[in-house]
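Trainee: Handing you this structure, nothing more for now.
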Amino acid sequence: MELSKNYNPSATEEKWYKCWMDKKYFHSTPDERPSYTVVIPPPNVTGVLHMGHTLNETVQDILVRKARMSGFNACWVPGSDHASIATEAKVVQMLKEKGVDKNTLTREEFLKYAFEWKEKYGGIIYNQIAKLGCSVDWDRTTFTMDDHYYKAVIKVFVDLYNKGLVYRGARMINWDPAAKTALSDEEVEFKDVVGKLYYLKYQLTDDSTEIAEKNLHSSVNGHLPSDNYITIATQRPETIMGDTAICVNPTDERYAHLKGKYAIVPLIYRRIPIIFDEYVDPAFGTGALKVTPAHDINDYNLGLKHSLEVVDTLNEDGTLSEAAQIYVGVERFAARKKILVELKEKGYFLKEEEYPTRVGYSQRSGAVVEPRISTQWFLKMKEMSGPALSAVLDGEIKIHPGERFLATYKYWLENVKDWCISRQLWWGQQIPAWYDEKGNLFVAETEEEAERLAARGEPRATSPEFALEGSPLAANSPKLTRDADVLDTWFSSWLWPMEVFNGISNPGNKELDYYYPTSVLVTGQDIIFFWVARMIMAGTHYKNAKPFSDVYFTGMVRDKQGRKMSKSLGNSPDLLDLIDKYGADAVRFGIMISSPAGNDLLFDEASLEQGRNFNNKLWNALKLVKMWEGRQMTEEIKELIDDTFELADETKQLFGEIDHLPSEEHLDHSNYAINWFANRLQQAKAEVEILYSQFRLSEALKVIYSLIWDDFCSWYLEWVKPGFEQPIEDEVYNKTTHFFGELMQLLHPFMPFITEEIYHLLGEKQDDLCVKQFAAIKEANNDVLTGGELLKQVISALRDARNKSGLKPKETIKLFIQSANTRVYKRIESILLKQVNAESISYVNETVPNATVVAIEQDKFYIESDKKADTAAIKAELLKDLDHQKGFLQSVTKKLSNERFVANAKAEVVDLEKKKQADAEARIRTIEESLANLV
RNA sequence: GGGAGCAUAGCUCAGUUGGUUUAGAGCAUCUGCCUUACAAGCAGAGGGUCCGCGGUUCGAACCCGUGUGCUCCCA
């Protein structure tokens, strides 16, 4: 068969993925083998895979494929997340482009559009996952809004409500004015910005009558009438209409005289009290704080303490509300500008200064988050966090890499606040709570059940924090209205490792028992609180068992310049384009080769190119080996040739004219090479195994890469390669294809497609690499390995010497070896001849004059050629080496002459130093002899 | 402001309880090669004050302290 010049990934990839699917290799059902379960972190259903996902999925596939080839029943569950805010925003945008306003639709109509959208775009990520070669069990694909999943989420909500862990209440929450929904604390991202601090004057009065307020309003046309004022500093002048007090520190003497007085809010002229509280930092601004309980969490708490009125001056879309009295309907930041102009005109404005501050942005919409008082649903976290904390602290769940995230995790869980789980959206699991006309609340899995509760008058308001005022129930069955809100997406994804096996909807089922707890969770460190911690909570709460044994955190994928990948920067490449360009294996290689666990990955297409080149290297090695196929010299053929000396026609067809048989020598040195590589392979396999167990996958890949490229291709294949158009011994050929197959197996988890292809091209195969089980690792023989390393070292040194002597590759040399142990070199003579292009090798007991000399350990090699040696250069080299050796000897000798070292250090260490000393001395002698020999 | 981490070759990173030939790899660079698998290649080479300073130790890239710079998390 003719092999193409270069490897062509696309056809191969499609062929093998289909084959694996047809043979149901990825499908798992419980059996007697141990399970190895991985649940995919479900990407957003209408999203595309970015490079971060690509890294995560690749890592998971490597682990899953490795497990599948190591005796485990591997099960990798794919799926996607409904991503309520993100998806709803996309659908709203799509409708807007069509000229449809969401507000004109009913909930049902909107959801119909949303599901259409999901059907249309939901397949994209699945296609990408398949293209990447991920060995997921497609029969288990789960979506967080699947029927059973939806029911599970509802069930959990009702259960937690009945346990008193879920409650409804008015709280200061994070409001996203763009998406018009509440957010959890975790969904707010803070950025440092340079803001402005505005200094404003508030008129003071001690008159507590309403008349004073009115007089002020009318008498001076709203201008600041006197010098009797207090100055406050604020970043948000547009919220002054919501001010309900001015607060100063009770120890602040500057303001001690203001006790019992009032201030007048500029522009709207509301009278507000001056209050005193330790909370205020006298050193900040003017030491006087305007208190706006509706729009700042600290002010809110201050308001609670001092029983202040709450005036909410903002609408849900971020425009000023009726309560603001002025600029009603104007967007908050536009209003800020207008108000500043008016404050200046009317003399209330003193000055402004720049001020470094932090602004919270919505993770989903990017809008500036507004603290807002709102009635929402919450989950008590204190009760949930205990077991989740101990599971990690006790080492039941291991986090990789190392302890790096432990402190953060601990801090978060110990300080976690209640989780706001309601969202003012339609896309998601609708909260199963119903209200009667009087506002009584009934929480149940179905409307029928809620109706029954209502009929019996059981509001089930078990939480003491329940904030809705109830009223006595009518005895007749009331008309119920369902809560319009949906649950936070993470309130569904925290059940993921259980509910993909129907663990909530059908608890205690056989599959759940078999697959849960899962083996390893691979995810980005950015969702440690959103998701990882909460899955541990849900798992410990509902299964009384951890959801996974290990967590592998991948780093963030950044571009070459270290910037985060983002759409706006345009630095996030398209996965399918990359696969088209380089092939899936090369993409996997490129992304893995430089991504140690937990470290950020600087993505550079150059590493994908390296992957593609590696593909090509493998392909060419295959071409070489295939050239030997059909040229094997079996014993029978050998005998045939020996006996008759005349080739049969069919033999002739196979080999053409053969002028000589493979020599005994060739077989002998090939056996040397085979023996060496067999041991080298075992050694590398053992290393890789350890690296897998430590989740150091990029290290493992490096070991395999260098094993294949350097040891197999550059050394082994060159050592066993027969001469041009010469036959190869059957045994050598078989060993070589066997090694090649083993290498492909070792590499398979990382680069599944090309390895499977080559494995099958190496010869007729009954099995597929995808499910081929790894053989047990044998212990490598150290003497054999050392011998191989010595040979490599000698060859490299001789080639270097050739280079330095200006010898062209084609120019031959005569090699003389001076060694106490010539037997070693005699065995590998023919390899040496070929590798350094020598025409002869002789053994000598004395120095060879006028030859270039190379010293390895205690042996010396003389290179003689027609070309005149550049003695000056050789001398310089030797002197440099001598210098180095002497320096080294000096440091060793110094160490050994230190009595305290000899007395304190371990015996092995001292012995080693002595050996180093002896070696260095021997080498120095060799170099000096060589120098003396150079004239 | 609180916490965590990082700093080793031009770049990205290894370096195991402190001792393993006066620091290793890949990429990039340079030199020589179109050698009968592979120029997407082959054979070589050069390149480091292990961030600065101080300490512990017979011995420090590694442990401790301190300074500087960067990253992340939390408020």
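Trainee: Among the residues of segment A:893-907, are any near RNA strand B (Cβ under 8 Å from one of its atoms), under 26 Å from A:D800 (Cβ atoms) and surrounded by 15 or more Cβ atoms within 10 Å (Cβ to Cβ)?
Mentor: Checked against the condition, which is being near RNA strand B (Cβ under 8 Å from one of its atoms), under 26 Å from A:D800 (Cβ atoms) and surrounded by 15 or more Cβ atoms within 10 Å (Cβ to Cβ), segment A:893-907 yields no hits at all.
Matching residues to (1) buried (at least 23 other Cβ atoms within 10 Å of the Cβ); (2) within 16 Å of RNA strand B (Cβ to nearest atom); (3) in contact (Cβ under 8 Å) with a residue 12 or more places away in the chain:
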position: A:T489; (1), (2), (3): yes, no, yes
position: A:G508; (1), (2), (3): no, no, no
position: A:E511; (1), (2), (3): no, no, yes
position: A:F530; (1), (2), (3): no, yes, yes
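Trainee: Pick from segment A:139-148 the residues that are of a type in the set (S, T, Y) and not in a strand (DSSP E or B): which of them is nearest to A:K380 (Cα to Cα)?
Mentor: The initial filter retains those residues of segment A:139-148 that are of a type in the set (S, T, Y), namely A:141-142, A:144.
Those still in the list that are not in a strand (DSSP E or B) too: A:141, A:144.
Numbers: A:T141: 31, A:T144: 23 Å.
Checked segment A:139-148; the qualifying residue nearest to A:K380 (Cα to Cα) is A:T144.
Trainee: When only residues in segment A:149-173 that are part of a helix (DSSP H, G or I) and touching a helix residue (DSSP H, G or I) at 6+ places or on another chain (Cβ under 7 Å) count, which is nearest to RNA strand B (Cβ to nearest atom)? First the steps, then the outcome.
Mentor: Looking only at segment A:149-173, we keep the residues that are part of a helix (DSSP H, G or I), and these are A:149-162.
Subset that is touching a helix residue (DSSP H, G or I) at 6+ places or on another chain (Cβ under 7 Å): A:149, A:152-153.
On the way: A:Y149: 27, A:A152: 27, A:V153: 24 Å.
Looking at the filtered set, the residue picked out is A:V153.
Trainee: Go through segment A:799-832 and give me each residue that's in contact with a strand residue (DSSP E or B) (Cβ under 6 Å, 6 or more places away or on another chain) and either acidic (D, E) or not in a loop (DSSP other than H, G, I, E, B) (or both). Break it down into steps so the answer makes sense when it comes.
Mentor: Keep residues of segment A:799-832 that are in contact with a strand residue (DSSP E or B) (Cβ under 6 Å, 6 or more places away or on another chain), which gives A:801, A:805, A:812-819, A:822, A:825, A:829.
The answer is A:A801, A:I813, A:K814, A:L815, A:F816, A:I817, A:Q818, A:T822, A:Y825, A:E829.
Trainee: While we're on this one: Being surrounded by fewer than 16 Cβ atoms within 10 Å (Cβ to Cβ) and either touching a Lys or Arg at 6+ places or on another chain (Cβ under 8 Å) or of a type in the set (V, I, T) (or both) is the filter here, so list the residues in segment A:823-833 that pass it.
Mentor: Of everything in segment A:823-833, just one residue is surrounded by fewer than 16 Cβ atoms within 10 Å (Cβ to Cβ) and either touching a Lys or Arg at 6+ places or on another chain (Cβ under 8 Å) or of a type in the set (V, I, T) (or both), namely A:V824.
Trainee: Can you confirm whether A:T871 is over 29 Å from A:W715 (Cα atoms) and either more than 51 Å from the chain's Cα centre (by Cα) or within 14 Å of RNA strand B (Cβ to nearest atom) (or both)? Write out each step before concluding.
Mentor: On the way: over 29 Å from A:W715 (Cα atoms): yes; either more than 51 Å from the chain's Cα centre (by Cα) or within 14 Å of RNA strand B (Cβ to nearest atom) (or both): yes.
The answer is yes for A:T871.
Trainee: Further, regarding this structure: Filter segment A:174-196 down to residues that are assigned to a strand (DSSP E or B) and of a type in the set (K, R) and give me whichever is farthest from RNA strand B (Cβ to nearest atom). Show your work before the answer.
Mentor: At the first step, the residues of segment A:174-196 found to be assigned to a strand (DSSP E or B) are A:174-176, A:181-183, A:188-196.
Add one more test, that the residue is of a type in the set (K, R), and what stays is A:191, A:196.
Working: A:K191: 10, A:K196: 18 Å.
The selected residue is A:K196.
Trainee: Ok, one more. Being more than 15 Å from RNA strand B (Cβ to nearest atom) and part of a helix (DSSP H, G or I) is the requirement here; does A:L707 meet it? Give the steps one after another, and end with the answer.
Mentor: Numbers: more than 15 Å from RNA strand B (Cβ to nearest atom): no; part of a helix (DSSP H, G or I): yes.
When the stated conditions are applied, A:L707 does not pass them.
Trainee: Does A:E370 meet the test of being touching a residue at least 24 places away in the same chain (Cβ under 8 Å) and more than 30 Å from A:T87 (Cα to Cα)? Step through it out loud before you land on a result.
Mentor: On the way: touching a residue at least 24 places away in the same chain (Cβ under 8 Å): yes; more than 30 Å from A:T87 (Cα to Cα): no.
Answer is no for this residue.
Trainee: I've got another one for you. Among the residues of segment A:710-731 satisfying the criterion of being among the charged types (D, E, K, R) and outside any helix (DSSP H, G or I), which is nearest to A:Q793 (Cα to Cα)?
Mentor: Restricting attention to segment A:710-731, the residues satisfying the condition of being among the charged types (D, E, K, R) are A:710-711, A:718, A:721, A:725, A:729-731.
If we keep only those that are outside any helix (DSSP H, G or I) as well, we get A:721, A:725, A:729.
Working: A:K721: 20, A:E725: 29, A:E729: 27 Å.
Among them, the one singled out is A:K721.
Trainee: To continue, here is another question. Could you tell me whether A:S796 is within 9 Å of RNA strand B (Cβ to nearest atom) and small (G, A, S)? Working first, answer last.
Mentor: On the way: within 9 Å of RNA strand B (Cβ to nearest atom): yes; small (G, A, S): yes.
Answer is yes for this residue.
Trainee: Could you check, for segment A:277-285, whether at least one of its residues is surrounded by 19 or more Cβ atoms within 10 Å (Cβ to Cβ) and in contact with a helix residue (DSSP H, G or I) (Cβ under 8 Å, 6 or more places away or on another chain)? Reasoning before the result, please.
Mentor: Of all residues in segment A:277-285, those surrounded by 19 or more Cβ atoms within 10 Å (Cβ to Cβ) come to A:280, A:285.
Restricting the remaining residues to those that are in contact with a helix residue (DSSP H, G or I) (Cβ under 8 Å, 6 or more places away or on another chain) gives none.
Scanning segment A:277-285 turns up no residue that is surrounded by 19 or more Cβ atoms within 10 Å (Cβ to Cβ) and in contact with a helix residue (DSSP H, G or I) (Cβ under 8 Å, 6 or more places away or on another chain).
Trainee: Which of the following residues is farther than 13 Å from A:G242 by Cα and charged (D, E, K, R): A:E309, A:E316, A:E322? Even if it seems obvious, please write down each step before you answer.
Mentor: Working: A:E309 fails: farther than 13 Å from A:G242 by Cα; A:E322 fails: farther than 13 Å from A:G242 by Cα.
When all the criteria are applied, what remains is A:E316.
Trainee: State which residue pairs qualify: first residue free of Cβ contacts under 8 Å to residues at least 60 places away in the same chain and inside segment A:902-917, second residue surrounded by 15 or more Cβ atoms within 10 Å (Cβ to Cβ) and of a type in the set (S, T, Y) in any location, beta carbons under 7 Å apart, and separation of 6 or more residues or different chains.
Mentor: These pairs meet every condition: A:Q917/A:T893.
Trainee: Go through (1) surrounded by fewer than 19 Cβ atoms within 10 Å (Cβ to Cβ); (2) modelled with pLDDT under 95 for A:Y198 and report which single condition fails.
Mentor: (1)
Trainee: Among the numbered criteria (1) within 13 Å of RNA strand B (Cβ to nearest atom); (2) of a type in the set (V, I, T); (3) at pLDDT below 80, which single criterion is violated by A:V935?
Mentor: Result: A:V935 passes all but (1).
Trainee: Please enumerate the residues belonging to segment A:501-556 that are under 19 Å from A:V158 (Cα atoms), part of a helix (DSSP H, G or I) and over 25 Å from the mean Cα position of the chain (by Cα).
Mentor: A:H541, A:Y542, listed by residue number.
Trainee: When only residues in segment A:880-906 that are of a type in the set (D, E, K, R) and assigned to a helix (DSSP H, G or I) count, which is farthest from A:T926 (Cα to Cα)? Explain how you work it out, then say what you get.
Mentor: Within segment A:880-906, the subset of a type in the set (D, E, K, R) is A:880-881, A:883, A:886, A:894-895, A:899-900, A:906.
Narrowing further to those that are assigned to a helix (DSSP H, G or I): A:880-881, A:883, A:886, A:894-895, A:899-900.
On the way: A:K880: 14, A:D881: 11, A:D883: 13, A:K886: 12, A:K894: 22, A:K895: 23, A:E899: 30, A:R900: 32 Å.
Looking at residues that are of a type in the set (D, E, K, R) and assigned to a helix (DSSP H, G or I), I get A:R900.
Trainee: Kindly provide the set of residues from segment A:835-858 that are surrounded by fewer than 20 Cβ atoms within 10 Å (Cβ to Cβ) and under 49 Å from the mean Cα position of the chain (by Cα), ordered by number.
Mentor: A:Q835, A:N837, A:I856, A:E857
Trainee: Could you check, for segment A:427-448, whether at least one of its residues is polar (S, T, N, Q), farther than 30 Å from A:V291 by Cα and within 16 Å of RNA strand B (Cβ to nearest atom)? Talk me through it step by step, then tell me what you get.
Mentor: Of all residues in segment A:427-448, those polar (S, T, N, Q) come to A:429-430, A:440, A:446.
Filter again for farther than 30 Å from A:V291 by Cα, leaving A:429-430, A:440, A:446.
Still in the running and within 16 Å of RNA strand B (Cβ to nearest atom): none.
No.
Trainee: Can you name the residue in segment A:371-423 that is of a type in the set (K, R) and not in a helix (DSSP H, G or I) and, of all such residues, is nearest to RNA strand B (Cβ to nearest atom)? Show your work before the answer.
Mentor: Looking only at segment A:371-423, we keep the residues that are of a type in the set (K, R), and these are A:372, A:380, A:382, A:398, A:404, A:410, A:417, A:423.
Now narrow it down to the ones that are not in a helix (DSSP H, G or I): A:372, A:380, A:398, A:404, A:417, A:423.
On the way: A:R372: 17, A:K380: 17, A:K398: 16, A:R404: 5, A:K417: 7, A:R423: 19 Å.
Ranking the candidates gives A:R404 first.
Trainee: Is it true that some residue in segment A:811-824 is closer than 14 Å to A:I863 by Cβ and within 9 Å of RNA strand B (Cβ to nearest atom)?
Mentor: Our first condition is that a residue be closer than 14 Å to A:I863 by Cβ; within segment A:811-824, this holds for A:811-818.
Then keep just the ones that are within 9 Å of RNA strand B (Cβ to nearest atom); that gives none.
Within segment A:811-824, none of the residues are closer than 14 Å to A:I863 by Cβ and within 9 Å of RNA strand B (Cβ to nearest atom).
Trainee: Being farther than 20 Å from A:N845 by Cβ, within 12 Å of RNA strand B (Cβ to nearest atom) and either without any contact (Cβ under 8 Å) to a residue 24 or more places away in the chain or buried (at least 17 other Cβ atoms within 10 Å of the Cβ) (or both), is that true of even one residue in segment A:769-776?
Mentor: No, that holds for no residue.
Trainee: Moving on. Which of the residues belonging to segment A:287-319 are crowded, with 19+ Cβ neighbours inside 10 Å and of a type in the set (S, T, N, Q)?
Mentor: Of everything in segment A:287-319, those that are crowded, with 19+ Cβ neighbours inside 10 Å and of a type in the set (S, T, N, Q) turn out to be A:T292, A:T313.
Trainee: While we're on this one: Going by what's in this entry, would A:Q917 be described as modelled with pLDDT of 85 or more and among the polar types (S, T, N, Q)? Outline the logic, then answer.
Mentor: Details: modelled with pLDDT of 85 or more: yes; among the polar types (S, T, N, Q): yes.
For A:Q917, the condition - modelled with pLDDT of 85 or more and among the polar types (S, T, N, Q) - is met.
Trainee: Only residues in segment A:265-291 that are over 20 Å from A:E342 (Cα atoms) count as the first member; pair them with residues that are of a type in the set (D, E) and buried (at least 19 other Cβ atoms within 10 Å of the Cβ), Cβ under 9 angstrom, at least 6 apart or cross-chain, and list the lot.
Mentor: A:I272/A:D243; A:L289/A:D299; A:V291/A:D243; A:V291/A:D299
Trainee: Next question, about the same structure. Restricting attention to segment A:730-745, and to residues there that are within 31 Å of the chain's Cα centre (by Cα) and crowded, with 22+ Cβ neighbours inside 10 Å, which single residue is farthest from A:D61 (Cα to Cα)?
Mentor: Step by step, filter segment A:730-745, then rank; the result is A:L743.
Trainee: Then there's this: Quickly run through segment A:777-808 and pick out the residues that are surrounded by fewer than 15 Cβ atoms within 10 Å (Cβ to Cβ) and under 17 Å from A:Y716 (Cα atoms).
Mentor: Listed by number, the residues that qualify are A:T786, A:E789, A:Q793, A:S796.
Trainee: To continue, here is another question. Tell me which residues, restricted to segment A:5-14, are more than 10 Å from RNA strand B (Cβ to nearest atom) and in contact (Cβ under 8 Å) with a residue 12 or more places away in the chain. Quick ask: steps written out before the conclusion?
Mentor: Taking segment A:5-14 as the starting set, the residues that turn out to be more than 10 Å from RNA strand B (Cβ to nearest atom) are A:10-14.
Scanning segment A:5-14 gives A:S10, A:T12, A:E13.
The values are calculated or read from the model by the stated rules, or taken from the named source; none is laboratory data. Quantities reported herein were computed from a predicted structural model and do not represent experimental measurements. In this analysis, Cβ positions are derived from the backbone assuming ideal geometry, glycine residues included, and neighbour counts consider all displayed protein chains.
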